[in-house]
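Everything on this sheet refers to the single structure shown next.
The values are calculated or read from the model by the stated rules, or taken from the named source; none is laboratory data. What you see is a predicted model, and the numbers here were worked out from it, not measured in a lab. Here the Cβ positions follow ideal geometry from the backbone for every residue, glycine too, while neighbour counts run over all protein chains shown. Only protein heavy atoms, including side chains, enter the accessible area calculation; ligands, DNA and RNA are left aside. Shrake-Rupley method; radii C 1.70, N 1.55, O 1.52, S 1.80 Å.
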Amino acid sequence: MARGACVVAAALLLILLLLLAGGQGGGVHCLRSRAVSGATVLELRHHSSSSGGQSRGRSRGGGEAGGLLASDATRVSSLQRRVASYGPRIRPSSSAAALAAESKLTQVPVTSGAKLRTLNYVATVGIGGGEATVIVDTASELTWVQCAPCDSCHDQQDPLFDPASSPSYAALPCNSSSCDALQLATGTSGSGQTCGGADDQPPSSCNYALSYRDGSYSRGVLAHDRLSLAGEDIEGFVFGCGTSNQGPFGGTSGLMGLGRSQLSLISQTMDQFGGVFSYCLPLKESGTSGSLVLGDDSSVYRNSTPIVYTTMVTDPTQGPFYFLNMTGITVGGEDVEPSAFSPAAKAIIDSGTIITSLVPSVYSAVRAEFLSQLAEYPQAPAFSILDTCFNLTGLSEVQVPSLKLVFDGGVEVEVDSKGVLYVVSSDASQVCLALAPLKSEYDTSIIGNYQQKNLRVIFDTLGSQIGFAQETCDYI
């Protein structure tokens, strides 16, 4: 093989039969949650269609898989626009670091959204006595769920949340501090769009409107109710009660906002969990569950390697995103051209984006190295946003170069073998490098969930650090 190619002892041995086994049928999985050793566990599952869209995605850009990746590209463009638009209106949390010492721990199951027609990961939480299955999103400022009566809603698996059935539910008024925080998080003004009289809401209610560049949106009223996380109740949790919602949300009930804003789940539970959370995202192919852990007790992790931390880049104008500095990438043990990372490139790590997108200079260098090391395999047409594809028909196994991301402090994170290639067609005639280029060198690279599988990723917002460890993501 070409230089830098992998050997079985040190490389990622990709067995196509295992890659192609994902997305088998079956009924809707009931997501579990429970408390373990003082922790709350939310089960996470992957959230694409049950058929995986692979056998239908054989034409370029066609089929369900192509549509989902196209939606992912639109999300990436939307994030770039949001990064550029955030200004000093975003205020970081002022909670004291002492909270961390007394914080509780909660683990919530995190699972593949394979049964709910999305490539994202989902968790089930309790809201006002009911249940909601929501997409876990670290780039969202606000948790929202679809509410009855719904004027225009996407189809969802769970029953709609009915505020009338929850005695602890209450819409928030315009003069509330939460409404002020909403304006800070979204950049809306205190009149018109945010306050008063939308649809059949009371004139004094605080309305919200979240819109995205792909045309998706959620609109409704800001409210509070009891949130249940694996037996841990959060009273007065502020969320969006959406009565008009459309977009690529699959069969979910809405979004869990884990971003850096005053209304995110992380900020609202600072007293309980100290601003620390982590997740482990399972393989779609395995059918297993991962977990979302709220709190800083690492004893509940099942990591197989030590946790290594890199600095979380903080900036009062950064919006809800989690930034870190990427200083290098290695492919099959070969360093990608150092000039591509001079200076270090700021990147977003995001649970809601699927495919990792890199600025053009970095992507071109990574692509060139993969083409060199996989030169023996014939190339195939591009698929949707994936432009580097191979025809592996008739091969029972393929030796795939390892992929490592390098961050500040020399932290190296090896991508799971199932996060290196994306299998488009069931006969392996179209298997693509699971990375995509951004449009401009001025864009911000985004590390998507496809490259975060079987990793424990820890977000310590008070300590301003992000940790990584290898972990087989099955429900704890």
key: Computed over region 401-445, the ratio Rg/Rh where both radii use C-alpha atoms and Rh is Kirkwood   = 1.08
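Find out how many positive minus negative residues lie around VAL366, taking Lys and Arg as positive, Asp and Glu as negative, among other residues whose Cβ is under 13 Å from that of VAL366.
Values: positive: ARG367, LYS404; negative: GLU334, ASP335, GLU337, GLU369, ASP387.
Net of charged neighbours comes to -3.
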ask   = Roughly how many Å is it from the Cα centre of region 407-474 to that of region 244-297, as a whole number?
value = 17 Å
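Ranked highest first by average number of other Cβ atoms within 10 Å, how do 358-365, 275-282 line up? Please list the in-between numbers first.
On the way: 358-365: 19.4, 275-282: 26.5.
Ranking the peptides 358-365, 275-282 by packing returns 275-282, 358-365.
Please work out the average accessible area per residue across region 342-413, using the 1.4 Å probe convention, and give it in Å². It would help to have the intermediate numbers written out before the result.
Working: 2460 Å² over 72 residues.
With the other protein chains kept in place, region 342-413 gives 34 Å² per residue.
Over region 212-324, give the accessible area per residue in Å² for a 1.4 Å probe, as an integer.
29 Å²
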remark   = Residue span GLU337 to THR311: 0.36 nm per residue of separation minus Cα-Cα distance leaves a gain in nm of 7.1 nm
query = Principal axis lengths of region 261-394 from Cα atoms, whole Å, largest first?
reply = 55, 39, 31
query = If one computes P(r) from the Cα atoms of region 328-422, what percent of pairs lie at distances over 19 Å?
reply = 44 percent
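Give LYS284/LYS404; LYS346/LYS404; LYS284/LYS453; LYS346/LYS418; LYS284/LYS418 a once-over and call out the pairs whose C-alpha atoms are over 19 Å from each other. All intermediate terms of the calculation are to be shown ahead of the outcome.
Details: LYS284/LYS404 21 Å; LYS346/LYS404 17 Å; LYS284/LYS453 9 Å; LYS346/LYS418 25 Å; LYS284/LYS418 9 Å.
Beyond 19 Å between Cα atoms: LYS284/LYS404; LYS346/LYS418.
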task = Would you check the accessible area of SER372, probe 1.4 Å, heavy atoms only, in square angstrom rounded to 10?
result = 40 Å²
message = So for each of 436-446, 379-389 I average, over its residues, the number of other beta carbons within 10 Å; can you give me the resulting order with the highest mean first?
response = 379-389, 436-446
task = Using a 1.4 Å probe and ignoring any ligands, DNA or RNA, find the accessible area of LYS346 and quote it in Å² to the nearest 10.
result = 80 Å²
key: Stokes-Einstein D in µm²/s, Kirkwood radius over Cα pairs - region 314-472 at 10 °C with 1.306 mPa s viscosity   = 97 µm²/s
key: Point-to-point label distance, SER372-SER152, nm (Cα→Cβ direction, 7 Å offset)   = 5.2 nm
